[in-house]
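The values are calculated or read from the model by the stated rules, or taken from the named source; none is laboratory data. The structure displayed is predicted, hence computed values, not measured ones. Positions of Cβ are generated from backbone atoms using ideal geometry, with glycine treated the same way; all protein chains shown enter the neighbour counts. For the accessible areas, the whole protein counts, side chains as well, though only heavy atoms, and no ligand, DNA or RNA atoms are used. Shrake-Rupley method; radii C 1.70, N 1.55, O 1.52, S 1.80 Å.
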Amino acid sequence: MSVVTELRKTAKGAKAAPSRRGLRNGDGKAAAVFLLPWFLGLGLITIGPMIASGYLSFTDYNLLQPPQWTGLENYTRLFEDPRLLNSLRVTFTYVFTAVPLQLLAALALALILDRGLKGLPFYRSVLYLPSLLGGSVAVAILWRQVFGIDGLVNQFLALFGIQGKGWVSDPETALWTLVLLHIWTFGAPMIIFLAGLRQIPEMYYEAAAIDGAGVVRKFRSITLPLLTPIIFFNLVLQVIGAFQSFTQAFVVSGGTGGPADSTMFYTLYLYQKGFTAFDMGYASAMAWLLVLIVAVMTLINFFASKFWVFYDD
Amino acid sequence: MTEVHVRTTPTDATPSSSSAQRISALADEAPPVRYRSPWPDRRRAALKHLGLIALCALMLYPLVWLLVSSFKPTDLIFRDVSLIPSEVDWTNYSEGWNALQYPFSRYLMNSAIIVLGSLLGNLVACSMAAYAFARLEFRGRKLWFAVMLMSIMLPIHVIIVPQYILFAKLDWINTFLPLIVPKLLATDAFFIFLMVQFFRGIPRELDEAARLDGCGHGRIYLRIMLPLSLPALATTAIFTFIWTWNDFFSQLIFLVRPDMYTAPVALRTFLDSTGASSWGPMFAMSIVSLIPVFLAFLFGQKYLVKGIATTGIK
Amino acid sequence: MRRPRSSVRAGALLAIAALALTACAGSTDEPAAEPTSSGPPEPVEIRFSWWGSDTRHELTQQVLDKFTEKYPHITVVPDYTDWNSYFDKLGTSVAGGDAPDVITQEERFLNDYASRGVLADLNELGLDTSKIDENVLQSGTIDDALYGVATGVNAYSIIADPAAFAAAGVEMPDDTTWTWEDYVDIANEISAKTGGTIYGAQDYGFNEPGFSIFARQRGESLYTEDHKLGYDDKTLADWWQYSLDLQAGGGEPDAAKTVEVDAGGPEQSLVGTGTGAMSWFWTNQLTAITNASGKELKLLRVPGESEEKRTGMYFKPAMYYSVSAKSEHPEEAALLVDFLLNDPAAGEILLSDRGLPANTDVRAAVQDKFSPTDKQAAEFLADLEDEIVDGPPVPPVGAGQVAEITRRINQEVLFGRLSPADAAKQYTLEVEAAIGG
């Protein structure tokens, strides 16, 4: 990693350059202009409903009648709800397995699909295709067929004399099929990695090539460090996204989080509370607990990033 | 674009050559190991192809299944799960296209309108915000950045009701406005953050040089940042297209009349889990509505690979 | 920085406005629309929401066209989606003070909406219900107000595949006398004799109407008139014990397979895919399952109808037509409900799409036009007419959650994680919490 340290030093040296400070004068005004649409969106569209949901979390609100203030009741109920605890367990398991595995798959394929082979655009398109399907109902049916008792997976296992089981419908394995489904749709982070690879200036590689650096060394000294901001981005957003996983579990389990609550993700439970049990106040309290959890995870990510993410600015 | 080439190339030479020198200096210190493949390149490439083709087959299986099913009569879809259809039956397509109150093209058009509005919004508004967060120094930057990230941490299901009330007050229900205006106002923090990360990857020396040449922030943003982050913009465009096209829940809630329904909302109206569903037509129309997204991806991919490497900066 | 700050303030103001809005979402608007006594009627637009698949959408649109022919001044805006999304959309639009004028309702949610002032009393709106069976009317009546009128009726029954029985060499049972033991034995025998290629029965435990019938046979009930639970935990445990007996005897698939089949809905049920002899479904699902199986199927009474204290089967409203209490045009909305319910022109188009027509005159008039499977269902229901004692009361507020509770705890039982007795205890606890809160 010594090259990285060097690069980092270069970057730090550049930062200290006097011209940089001069550039920052009067940025406030420019920032106001550039951020104008975002501020408008925040004020007009984002903040209102956010505050409203915060308020609703302190009320008994059944959607159909005006909310009634109940103070902290929803929040105290959170701690007495065994199914909520279970949904947290399911969600954490999912986040800590599906996110890293999917990112690894996406990164590996992005590296393979970046350059140096004929027909790459074709492969990229084909490998991205599953991600196009997203949360379509067709995916649900399909997943149940692939991992069903007479499904493709078991037919394959039977070739080796292994007796399979109903992977989706067994509470022990249902969650893992969803983890697989998540990995299978690695298209989005893969595309972002690909774009990130394209952003690395060719000159670094050329310089390294002149010095006779091999593939592995180029990867470790140039590609990986310069890609860290993108890896970081993917990590942060995938973690935020995975905590809110809903669609895939919803369609695969038919909205039940079953079998026996084994795929009951946090947001799925929240949704059931809000829309089926008409307990939107409780659902809002759940949502803010989730914000707290995700914010802490994100903060940890940002803090840790200081030790491994390298910015070229 | 040509302007960028002329402007940047000379200034660019200074920092890059210095890092290059450092790298080469370091490389000199490193042991002279050469990584050489034991196989000739051609054979290695062939192996790679083989692996990729196998992977493609695995990834494609579901889609092939979907495609094959769309040619089967509904009552055969679940009874006969083989991948080779006994006969190719187009009726699902003709039926699906006309089964609903409006021809399916209507729903595709509605989806397209929302997608176009969202594309415009995300590309312009999010990149502007990203420029501010990546390059401008202003008070409360970190705080606002945190607020931005927080705005995507709340699950949609608790936001949708207050949003509905807000949009109902504005009389926007059953229009495309609740689905487009937020995008025009950069509410999709995912893309802001994405572009911030890419902008930060562009060497600062470039905009400094431009700055010395008398460029304002507007010009730096337009003439340097945007052209140099083509991959990021392409990524944003691709994702905006696909995610907006597939977004079901908010479209379901905000669009009331069938003449405003979008493709995913219309697709659901083929199904009835309590009775008879039209699986065949639903699959057929699923395939039809996949075509625009796939084309969008193919088109966007061209720009995805036009990184810094090909925009004149080396 | 001035700009950002002020926009924050604007945001806060807006949020407060949103809150105020939320607060008034439930309050009543003026029930407007005085009937115009003279002159041409003002053009009026009303919205009608329902769930279903494309066939229903098409039929309903035809009916709406007929309605507009009859009442040219009323435009009906359709608002439809599939079952899974319907109540999300409905709940949100009611919260936003923007409910449809005519709302299709379902048994489990009727009380939720009615008791919270969302639905209007149809009697007050002067709806003509003279041709509708008293029992059926009762199924939409809560505290003497008619909040929903049944679109049509179904019965929960067993759909059996005679070909599967024949393949196993087992005789079809006499469904007027068979007991629960018979049911278990027959199912086990079919599985055994076909070597497991055809299962005797599909597990019934995922749907609480099945238990409702079971409890009624013993003189108990799932819910009581005063919105409480009306069964003994022992009864519920017995109900699950039969499932376990079937599982142990091979009469029904193992737990994982059961869950898989259940998730597939009617088309992928055991009978629907030709891999089972008996499945529990509503009579109006006969058509879908017959089409999926490609075979002629038969409707059977559930077991135990003559075994215990009384019969348990009942007519269930397929769905209800309701009118929003906040509709700006309640008269016109009621007119539409009347047309859907009582006009032979509507009945001729809808046939049995929303259950066997509730209006007996309409039913008699259109019965001949039914498809063969619908005729089969109609005849089956007609046979039951004399046996059915009464209908269960409208499920209490919170009953919408019971479907999920039933399915989940049933899975716990099938996977052997809870004994029937423990499951019954937990079920009672959870359902009490759901309907009490």
One residue from A:Val215, A:Val126, A:Val179, A:Val168 being touching a Ser or Thr at 6+ places or on another chain (Cβ under 9 Å) and at the interface with chain B (Cβ under 10 Å from one of its Cβ atoms): A:Val215
Output for segment C:260-286, where each listed residue is at the interface with another protein chain (Cβ under 8 Å from one of its Cβ atoms), under 22 Å from A:Gly254 (Cα atoms) and in contact with a helix residue (DSSP H, G or I) (Cβ under 6 Å, 6 or more places away or on another chain): C:Pro266, C:Glu267, C:Gly272, C:Gln285
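Looking at segment B:161-173, is at least one residue among the basic types (Lys, Arg) and more than 8 Å from every other protein chain (Cβ to nearest Cβ)?
The first filter runs over segment B:161-173 and keeps only residues among the basic types (Lys, Arg), leaving B:169.
Checking the rest, the ones that are also more than 8 Å from every other protein chain (Cβ to nearest Cβ) come to none.
So far as segment B:161-173 goes, no, none of its residues is among the basic types (Lys, Arg) and more than 8 Å from every other protein chain (Cβ to nearest Cβ).
A quick yes/no check of all residues on (1) buried (at least 21 other Cβ atoms within 10 Å of the Cβ); (2) more than 8 Å from every other protein chain (Cβ to nearest Cβ); (3) within 20 Å of A:Ala188 (Cα to Cα):
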| site | (1), (2), (3) |
| --- | --- |
| A:Val236 | no, no, yes |
| A:Ile240 | yes, no, yes |
| A:Gln244 | yes, no, yes |
| A:Gln272 | yes, no, no |
| A:Phe278 | yes, no, no |
| A:Phe310 | no, yes, no |
Condition broken by A:Ser284, with the remaining ones in (1) part of a loop (DSSP other than H, G, I, E, B); (2) facing chain B (nearest Cβ under 10 Å); (3) touching a Gly at 6+ places or on another chain (Cβ under 8 Å) satisfied: (1)
Among (1) over 24 Å from A:Phe147 (Cβ atoms); (2) open to solvent by less than 30 Å² (accessible area, probe 1.4 Å); (3) not aromatic (Phe, Trp, Tyr), the one test that C:Thr224 misses: (2)
Test: residue in segment A:149-159 that is more than 7 Å from every other protein chain (Cβ to nearest Cβ) and either under 26 Å from B:Arg268 (Cβ atoms) or touching a Cys at 6+ places or on another chain (Cβ under 6 Å) (or both): yes
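Out of everything in segment A:130-177 that is in a loop (DSSP other than H, G, I, E, B) and aliphatic (A, V, I, L, M), what residue ends up being farthest from A:Thr93 (Cα to Cα)? Outline the logic, then answer.
Looking only at segment A:130-177, we keep the residues that are in a loop (DSSP other than H, G, I, E, B), and these are A:134-136, A:147-151, A:160-173.
Those still in the list that are aliphatic (A, V, I, L, M) too: A:149, A:162, A:168.
Working: A:Ile149: 24, A:Ile162: 27, A:Val168: 17 Å.
So the residue we want is A:Ile162.
Kindly evaluate B:Glu87 against the criterion of being outside any helix (DSSP H, G or I), of a type in the set (D, E, K, R) and under 25 Å from B:Met282 (Cβ atoms).
Details: outside any helix (DSSP H, G or I): yes; of a type in the set (D, E, K, R): yes; under 25 Å from B:Met282 (Cβ atoms): yes.
Spelling it out, B:Glu87 is indeed outside any helix (DSSP H, G or I), of a type in the set (D, E, K, R) and under 25 Å from B:Met282 (Cβ atoms).
Could you grab me the full set of residues in segment A:256-270 that are facing chain B (nearest Cβ under 8 Å) and among the polar types (S, T, N, Q)?
Within segment A:256-270, the first condition is being facing chain B (nearest Cβ under 8 Å), and the residues that meet it are A:267, A:270.
Matches in segment A:256-270: A:Thr267 only.
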Sole residue being touching a Pro at 6+ places or on another chain (Cβ under 7 Å), modelled with pLDDT of 95 or more and open to solvent by less than 30 Å² (accessible area, probe 1.4 Å), chosen from C:Val337, C:Val323, C:Val302: C:Val323
Among residues of segment C:346-394, those that are out of contact with any Gly (no Cβ under 7 Å at 6 or more places or on another chain), touching a residue at least 12 places away in the same chain (Cβ under 8 Å) and more than 29 Å from C:Arg216 (Cβ to Cβ), counted: 9
Test: A:Leu127 is open to solvent by less than 20 Å² (accessible area, probe 1.4 Å), assigned to a helix (DSSP H, G or I) and in contact with a helix residue (DSSP H, G or I) (Cβ under 9 Å, 6 or more places away or on another chain): yes
Top-ranked residue of segment C:116-137 - restricted to ones that are open to solvent by 10 Å² or more (accessible area, probe 1.4 Å) and within 9 Å of another protein chain (Cβ to nearest Cβ), ranked as nearest to C:Leu335 (Cα to Cα): C:Gly117
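Which of the following residues is open to solvent by 10 Å² or more (accessible area, probe 1.4 Å) and at pLDDT 90 or above: A:Thr177, A:Thr185, A:Thr173?
Values: A:Thr177 fails: open to solvent by 10 Å² or more (accessible area, probe 1.4 Å); A:Thr185 fails: at pLDDT 90 or above.
Criteria check complete, one pass: A:Thr173.
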Subset of segment A:52-80 [at pLDDT 95 or above, open to solvent by 10 Å² or more (accessible area, probe 1.4 Å) and within 28 Å of the chain's Cα centre (by Cα)]: A:Gly54, A:Tyr55, A:Tyr75
Tally of residues being open to solvent by 30 Å² or more (accessible area, probe 1.4 Å) and assigned to a helix (DSSP H, G or I) across segment A:246-263: 3
Residue check for B:Met195: without any contact (Cβ under 8 Å) to a residue 12 or more places away in the chain, under 27 Å from A:Phe310 (Cβ atoms), surrounded by 20 or more Cβ atoms within 10 Å (Cβ to Cβ) and touching a helix residue (DSSP H, G or I) at 6+ places or on another chain (Cβ under 9 Å): no
Residue count for segment C:47-90, restricted to those that are outside any helix (DSSP H, G or I), farther than 20 Å from C:Gly355 by Cβ and without any contact (Cβ under 8 Å) to a residue 60 or more places away in the chain: 6
Among (1) of a type in the set (A, V, I, L, M, F, W, C); (2) closer than 28 Å to A:Phe92 by Cα; (3) more than 7 Å from chain B (Cβ to nearest Cβ) - the single one A:Ile200 does not satisfy: (2)
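From the list B:Leu108, B:Leu119, B:Leu136, B:Leu184, which one is facing chain A (nearest Cβ under 10 Å), open to solvent by less than 40 Å² (accessible area, probe 1.4 Å) and of a type in the set (A, V, I, L, M)?
On the way: B:Leu108 fails: facing chain A (nearest Cβ under 10 Å); B:Leu119 fails: facing chain A (nearest Cβ under 10 Å); B:Leu184 fails: open to solvent by less than 40 Å² (accessible area, probe 1.4 Å).
Only one candidate passes the filter, namely B:Leu136.
Does B:Leu271 satisfy the condition of being farther than 30 Å from A:Pro201 by Cα, of a type in the set (A, V, I, L, M, F, W, C), at the interface with chain A (Cβ under 9 Å from one of its Cβ atoms) and open to solvent by less than 40 Å² (accessible area, probe 1.4 Å)? Before the answer, list the steps.
Working: farther than 30 Å from A:Pro201 by Cα: yes; of a type in the set (A, V, I, L, M, F, W, C): yes; at the interface with chain A (Cβ under 9 Å from one of its Cβ atoms): yes; open to solvent by less than 40 Å² (accessible area, probe 1.4 Å): yes.
Yes; evaluated as a whole, the condition is true for this residue.
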Test for B:Ala276: is it surrounded by 23 or more Cβ atoms within 10 Å (Cβ to Cβ) and either aromatic (Phe, Trp, Tyr) or within 13 Å of chain C (Cβ to nearest Cβ) (or both): yes
The one condition in (1) in the same structural domain as C:Ala423 (by TED's automatic domain parsing); (2) in contact with a helix residue (DSSP H, G or I) (Cβ under 9 Å, 6 or more places away or on another chain); (3) small (Gly, Ala, Ser); (4) without any contact (Cβ under 8 Å) to a residue 60 or more places away in the chain that C:Ala187 fails to fulfil: (4)
Pick from segment B:64-77, criterion within 11 Å of chain A (Cβ to nearest Cβ) and free of Cβ contacts under 8 Å to residues at least 60 places away in the same chain, ranking: farthest from A:Tyr128 (Cα to Cα): B:Trp65
Of residues in segment B:267-314 being among the aromatic types (Phe, Trp, Tyr) and within 29 Å of C:Phe87 (Cβ to Cβ), the one modelled with the lowest pLDDT: B:Trp279
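More than 14 Å from chain A (Cβ to nearest Cβ), crowded, with 21+ Cβ neighbours inside 10 Å and at pLDDT 95 or above, is that true of C:Ile46?
Yes; evaluated as a whole, the condition is true for this residue.
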